[in-house]
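Note sheet for the following structure.
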Amino acid sequence: MTTPSPVTVAEWRAFLSDYNARHINSDEVREAIKEHRQVISEERLEAGWAGAEPAGEEAIVAAEERLGVRLPPSYRNFLHVSDGWEDIGFVDLFQVGDIGWFADLCADLVEAWSDIESFVDHLAILKRCLLIGDDNGGSGCYWLLHADSIGENGEWTAYEWWPGDGDDPQPCRDFAAMVREAAHS
């Protein structure tokens, strides 16, 4: 039986609390620290929470106004529980004030990929994606939300993209499903 994806603030709070309890003291995190690969900051390790303080509605609305879109419900509610997150599926989720259009935040990458004929269709999608997280200087993973692919429930198609591996952006039903999958892999 598949665990349902968190959507509401209460579901996110329960999901992230459970994930945090399993992950922050895991062998994986301890091994990374021993190898001097700090995947969770000292500050957050000491606090016992890999997330950040919740984002206020004002900060979320300000980002929506800056970006010209209303964020999907599961992502908005995630932000109401934690304004960013360190180390979920090798990715750090940005604080709401740091999210932006992929084409703006990674203009050099968009330009480099624009000359590749086989990538034209993907590039059209990427130009309309919000960049909400990356692997913070690792091997190059991006978490994206596609603003032109919105379901009846208001959720946007999410993408995980590892361009350094030569992979195409991998779609996921929505943000919550992508987080759930990353947390259980």
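The values are calculated or read from the model by the stated rules, or taken from the named source; none is laboratory data. Since the model is a prediction, treat every value here as computed from it, not as a measurement. Note that we place each Cβ from the backbone using ideal geometry, even for glycine, and neighbour counts take in every protein chain shown. Quick note on the areas: whole protein, heavy atoms, side chains included, nothing else; ligands and nucleic acids left out. Shrake-Rupley method; radii C 1.70, N 1.55, O 1.52, S 1.80 Å.
Where the second residue is open to solvent by less than 30 Å² (accessible area, probe 1.4 Å) and among the acidic types (D, E) and the first is in contact (Cβ under 8 Å) with a residue 60 or more places away in the chain and in a strand (DSSP E or B) and lies in segment 147-170, which pairs have Cβ atoms under 7 Å and are six or more apart or on separate chains?
Partner pairs satisfying both residue conditions: W156/D174.
Would you check which residues across segment 172-185 are open to solvent by 50 Å² or more (accessible area, probe 1.4 Å) and either assigned to a loop (DSSP other than H, G, I, E, B) or without any contact (Cβ under 8 Å) to a residue 24 or more places away in the chain (or both) and list them?
We begin by selecting, within segment 172-185, every residue open to solvent by 50 Å² or more (accessible area, probe 1.4 Å); these are 173, 181, 184-185.
Residues satisfying the conditions are R173, H184, S185.
Within segment 30-44, can one find any residue that is surrounded by 13 or more Cβ atoms within 10 Å (Cβ to Cβ), farther than 15 Å from S82 by Cα, more than 19 Å from the chain's Cα centre (by Cα) and modelled with pLDDT under 80? Give the derivation first.
Here is the first cut: in segment 30-44, the residues surrounded by 13 or more Cβ atoms within 10 Å (Cβ to Cβ) are 32-33, 38-41, 44.
Filter once more, keeping what is farther than 15 Å from S82 by Cα: 32-33, 38-39, 41.
Subsequent filtering for residues that are more than 19 Å from the chain's Cα centre (by Cα) retains 32-33.
Within this subset, residues satisfying the condition of being modelled with pLDDT under 80 are 32-33.
Looking through segment 30-44, at least one residue is surrounded by 13 or more Cβ atoms within 10 Å (Cβ to Cβ), farther than 15 Å from S82 by Cα, more than 19 Å from the chain's Cα centre (by Cα) and modelled with pLDDT under 80.
Picking from R70, R76, R13, which residue would you name as being farther than 24 Å from W162 by Cα, open to solvent by less than 50 Å² (accessible area, probe 1.4 Å) and in contact with a helix residue (DSSP H, G or I) (Cβ under 7 Å, 6 or more places away or on another chain)? Explain how you work it out, then say what you get.
Numbers: R70 fails: open to solvent by less than 50 Å² (accessible area, probe 1.4 Å); R13 fails: open to solvent by less than 50 Å² (accessible area, probe 1.4 Å).
Just a single option satisfies the conditions, and that option is R76.
Given the residues V61, V7, V81, which is the only one that is open to solvent by less than 40 Å² (accessible area, probe 1.4 Å) and at negative phi?
Numbers: V61 fails: open to solvent by less than 40 Å² (accessible area, probe 1.4 Å); V7 fails: open to solvent by less than 40 Å² (accessible area, probe 1.4 Å).
It is V81.
A quick yes/no check of all residues on (1) surrounded by fewer than 19 Cβ atoms within 10 Å (Cβ to Cβ); (2) within 17 Å of the chain's Cα centre (by Cα); (3) at negative phi; (4) at pLDDT 85 or above:
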site	(1), (2), (3), (4)
I132	no, yes, yes, yes
D148	yes, no, yes, yes
Y159	no, yes, yes, yes
D167	yes, no, yes, no
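List pairs: first in segment 59-77 and part of a loop (DSSP other than H, G, I, E, B), second surrounded by fewer than 17 Cβ atoms within 10 Å (Cβ to Cβ) and not charged (D, E, K, R), Cβ under 7 Å, 6+ apart or cross-chain?
P72/G154
Looking at (1) touching a helix residue (DSSP H, G or I) at 6+ places or on another chain (Cβ under 7 Å); (2) not in a strand (DSSP E or B), which one does A112 not meet, given that it meets all the others?
(1)
Tell me whether segment 112-127 contains one or more residues that are under 16 Å from C172 (Cβ atoms) and open to solvent by 60 Å² or more (accessible area, probe 1.4 Å).
no
Look through F102, F94, F90 and report the one residue that is under 20 Å from D174 (Cα atoms), modelled with pLDDT of 95 or more and aromatic (F, W, Y).
Details: F102 fails: modelled with pLDDT of 95 or more; F90 fails: modelled with pLDDT of 95 or more.
Within the list F102, F94, F90, the selection yields F94.
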